[in-house]
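I have placed the structure first, in the form of structure tokens, so that the comments after it can refer back to it.
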Amino acid sequence: MSATVTASRRKDRTALPTGLVIGLGILVIMGLLPFVLPLLGAPGADVINLYDRFEKPGSLSHLLGSDHLGRDLLARMAVGFKWSFAAAILSTALSLAIGAPLGLLAADQSGWPRRVILQIINLTMSFPSLVAAICLIAIIGQGFMSLVLVLGLLTWPVFARIVYAESLAILEKDYVIAARFMGVKQWRILFRHVLPALRPSLLATTAFHFADMLIAESALSFLGIGAPIDSSTWGNMLADSRSFLFQAPWMMLVPAGAIVLVVVSANLIGDGISTLLRGRSQRSL
Amino acid sequence: MNNTAMTNTGPILALQNLSVAFPTKDGDRAVLDNISFTLHEGDVLGLVGESGSGKSLSVLSLMKLLPPNARIKSGKINFLGQDLVHATENDMRRIRGRDIGMIFQDPFSSLNPVRRIGDLLTESVLRHQKVSKAVARDIAIKALADVALPAPAERIDNYPHQLSGGQRQRVVIALAGINNPSLLIADEPTTALDPTVRMQVLALIKKAATKRSVILVTHDFGAAAQICNRIAVMYYGRVVETGTAEQILTAPVHPYTKALMAAVPRFSTEHAFAPIPGDPPKPTERFDGCSYRPRCPAAADDCRSIPPLTDVGGHSIACWRATQPGLPS
């Protein structure tokens with residue numbers, strides 16, 4: 001019996017959706033690039049070479065071309081991934097860390113805590129997020145950490161609403177009621193019985209939210225209020241390309257393409273996770 | 001064991017004139033009306049009745065897990081010398097799972113599908129007993145062995161979906177009894193099971209009853225006949241007849257109990273399958289007097305006042321016809 005169990009489990013593992021594999025593959029390659037490029041003798045991201053300005057993509061020295069200061073776009077894109085990835089992942093984590101517990105609490109407490117939390121969610125979502133982000137950054141100052149903070153503080157309702165809606169249904173499930181009949185403490189019911197059941201949708205939402213955060217980070221950096229101006233985030237690269245849009249369109253196409261690539265792979269991962277886990281939970285029921 | 005109150009010789013549980021009501025627009029609507037029963041150690045009480053008769057609500061009210069808008073209007077719940085009506089939520093959390101174990105109806109939905117059965121078992125042990133994780137795991141394995149789950153030491157790491165329905169119900173029983181509670185409540189424990197597995201599960205519950213008392217909530221006289229020594233028949237929020245299992249099963253007096261027994265299908269041409277005419281009353285309906293009156297073949301004018309539960313030789317019946325002449329048999 002136990003042999004068949006492990007066999008069927010292994011089958012679950014290997015049946016990964018193609019989208020998930022492709023998405024993860026792209027992210028891994030992007031993640032490895034900044035470490036692999038120097039080993040291949042590619043120029044550094046901040047090396048200025050005024051003889052090599054506006055090199056077209058495809059040249060031997062600059063595979064994806066160079067910018068107005070002769071910096072290698074491939075190297076800048078690779079380093080930019082580190083920044084953009086870190087900013088997106090941290091702000092997603094922050095938004096999850098704020099949103100999930102508040103959503104759980106709102107679902108569990110039917111009285112005034114629920115009303116207060118739901119009103120805070122509505123309040124937060126009613127701000128135009130870009131304007132709110134500009135205001136907040138104006139108050140707390142520009143920088144990588146404040147970028148993360150602002151994105152997290154403005155987007156946690158995404159998680160709060162999903163957790164709230166799904167917990168309401170799960171709190172009615174027999175196995176949660178059974179836990180209550182066993183005298184399990186309420187916080188433990190919420191975090192050990194309800195939250196694990198939300199894992200599939202939370203994982204998928206996290207992947208989608210990561211994509212949103214990546215775009216938001218680039219948008220804010222493009223406007224010059226995101227990551228520090230001298231860092232080579234994709235948003236900053238896009239901002240640089242603005243002045244040379246007709247002269248050197250590849251300066252815009254490289255970071256824009258990178259953003260599209262990572263956003264698409266994050267969405268593929270999100271889709272893959274939801275198909276994978278939906279399939280598994282259906283089998284378990 | 002984990003309970004000093006076990007040493008007293010009084011009843012384990014005594015419900016006295018318990019009434020529970022839901023507030024509605026036109027006043028409180030009673031869903032339990034003067035429920036009383038007493039359980040001693042070793043007793044297996046069958047609460048029998050149709051859906052909506054209040055048998056599950058009785059259980060919920062003694063666990064203090066009623067829907068938030070329901071109120072205990074009056075009455076007493078005495079459990080091992082404690083007054084549960086006035087117990088705080090914190091006290092109740094300690095009692096649930098430690099002193100009162102609950103066996104659920106549907107083993108498919110009452111085990112969390114994303115957690116290993118061992119996690120569920122040890123969680124309950126660690127909640128109520130001061131033991132290490134390793135000891136809790138040993139207790140869990142022993143509990144699974146006690147309910148005759150094969151290979152408990154391996155099964156403990158399984159997820160519910162890896163077990164069959166009967167195995168899951170064994171896990172549910174192990175979970176209910178893991179902290180050695182004084183009272184075990186089984187809420188229709190066999191409804192969701194195959195007839196063959198049913199017998200085994202009932203035997204397990206009967207075995208568990210030797211050291212404690214059990215309430216079996218069921219609509220199945222067959223299940224009640226197998227393991228109960230006492231039966232209380234409920235109709236529309238009231239106990240209409242209660243006595244020893246033998247009295248109720250062989251000599252029922254209340255017209256409802258008789259009708260309920262006649263409604264059990266049998267493989268016999270002599271006993272025709274006789275469904276009870278009419279429908280059970282809706283919770284919103286109101287009656288003066290006996291709530292079975294609209295469906296009762298023996299109803300008469302005096303049934304317009306509520307018949308009290310009257311003792312007739314250790315066998316209590318709430319029916320005017322039972323205590324007065326003119327009862328059709």
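The values are calculated or read from the model by the stated rules, or taken from the named source; none is laboratory data. Computed from a predicted model, the values in this text were never measured in an experiment. Quick reminder, even Gly has a Cβ in these numbers, built from the backbone with ideal geometry, and neighbours come from all protein chains shown.
Can residue B:297 be described as over 25 Å from the mean Cα position of the chain (by Cα), modelled with pLDDT of 80 or more, over 16 Å from residue B:224 (Cα atoms) and outside any helix (DSSP H, G or I)?
For residue B:297, the condition - over 25 Å from the mean Cα position of the chain (by Cα), modelled with pLDDT of 80 or more, over 16 Å from residue B:224 (Cα atoms) and outside any helix (DSSP H, G or I) - is met.
Per-residue answers, yes or no, for (1) outside any helix (DSSP H, G or I); (2) out of contact with any Cys (no Cβ under 6 Å at 6 or more places or on another chain); (3) surrounded by 18 or more Cβ atoms within 10 Å (Cβ to Cβ):
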| residue | (1), (2), (3) |
| --- | --- |
| B:74 | yes, yes, no |
| B:87 | yes, yes, no |
| B:91 | no, yes, no |
| B:127 | no, yes, yes |
| B:135 | no, yes, no |
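Okay, residues lined up against (1) touching a Gly at 6+ places or on another chain (Cβ under 9 Å); (2) under 28 Å from residue A:102 (Cβ atoms); (3) of a type in the set (A, V, I, L, M, F, W, C):
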position: A:207; (1), (2), (3): yes, yes, yes
position: A:217; (1), (2), (3): yes, yes, no
position: A:226; (1), (2), (3): yes, yes, no
position: A:233; (1), (2), (3): yes, no, no
position: A:241; (1), (2), (3): no, no, no
position: A:260; (1), (2), (3): no, no, yes
position: A:277; (1), (2), (3): no, yes, yes
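I'd like the full set of residues that are among the aliphatic types (A, V, I, L, M) and either at the interface with chain A (Cβ under 10 Å from one of its Cβ atoms) or touching a Ser or Thr at 6+ places or on another chain (Cβ under 9 Å) (or both), limited to the range B:107-120.
Answer for the range B:107-120, where residues must be among the aliphatic types (A, V, I, L, M) and either at the interface with chain A (Cβ under 10 Å from one of its Cβ atoms) or touching a Ser or Thr at 6+ places or on another chain (Cβ under 9 Å) (or both): B:111, B:114, B:120.
Just the residues that are among the charged types (D, E, K, R) and within 20 Å of residue A:134 (Cα to Cα), please, taken from the range A:195-239.
Residues satisfying the conditions are A:212, A:217, A:230.
Are any residues in the range A:99-116 buried (at least 21 other Cβ atoms within 10 Å of the Cβ) and either at pLDDT 95 or above or under 24 Å from the mean Cα position of the chain (by Cα) (or both), and if so, which ones?
A:99, A:100, A:102, A:103, A:104
For the range A:25-54, enumerate the residues that are in contact with a helix residue (DSSP H, G or I) (Cβ under 6 Å, 6 or more places away or on another chain) and either modelled with pLDDT under 50 or part of a helix (DSSP H, G or I) (or both).
Hits for the range A:25-54 are A:26, A:27, A:30, A:33, A:34, A:37.
So for the range A:126-145 (the condition being within 19 Å of residue A:200 (Cβ to Cβ) and among the small types (Gly, Ala, Ser)), does at least one residue qualify?
Scanning the range A:126-145, I find no residue that is within 19 Å of residue A:200 (Cβ to Cβ) and among the small types (Gly, Ala, Ser), so the answer is no.
What number of residues within the range B:158-173 are of a type in the set (Ser, Thr, Tyr) and either more than 8 Å from every other protein chain (Cβ to nearest Cβ) or assigned to a helix (DSSP H, G or I) (or both)?
The number of residues fulfilling the criteria is 1.
Looking only at the range B:142-156, filter to residues that are surrounded by 20 or more Cβ atoms within 10 Å (Cβ to Cβ) and in a helix (DSSP H, G or I); which one of those is farthest from the other protein chains (Cβ to nearest Cβ)?
B:144
Which residues, taken from the range B:70-106, are within 13 Å of chain A (Cβ to nearest Cβ), in contact with a Pro (Cβ under 8 Å, 6 or more places away or on another chain) and not β-branched (Val, Ile, Thr)?
B:97, B:98, B:99, B:101, B:104, B:105 - these are the residues of the range B:70-106 that are within 13 Å of chain A (Cβ to nearest Cβ), in contact with a Pro (Cβ under 8 Å, 6 or more places away or on another chain) and not β-branched (Val, Ile, Thr).
Answer yes or no: is there a residue in the range B:104-119 that is farther than 30 Å from residue B:256 by Cβ, surrounded by fewer than 22 Cβ atoms within 10 Å (Cβ to Cβ) and out of contact with any Lys or Arg (no Cβ under 9 Å at 6 or more places or on another chain).
yes
Looking at the range B:157-179 only, could you name the residues that are surrounded by fewer than 16 Cβ atoms within 10 Å (Cβ to Cβ) and in contact with an Asp or Glu (Cβ under 8 Å, 6 or more places away or on another chain)?
B:165
Would it be correct to say that residue B:44 is more than 14 Å from chain A (Cβ to nearest Cβ), of a type outside the set (Asp, Glu), buried (at least 18 other Cβ atoms within 10 Å of the Cβ) and in contact with a His (Cβ under 8 Å, 6 or more places away or on another chain)?
Judged against the criteria, residue B:44 is not a match.
Out of A:184, A:194, A:176, which single residue is assigned to a loop (DSSP other than H, G, I, E, B), within 25 Å of residue A:114 (Cβ to Cβ) and within 14 Å of chain B (Cβ to nearest Cβ)?
A:184
In the set A:232, A:221, which member is outside any helix (DSSP H, G or I) and under 12 Å from residue A:80 (Cβ atoms)?
A:232
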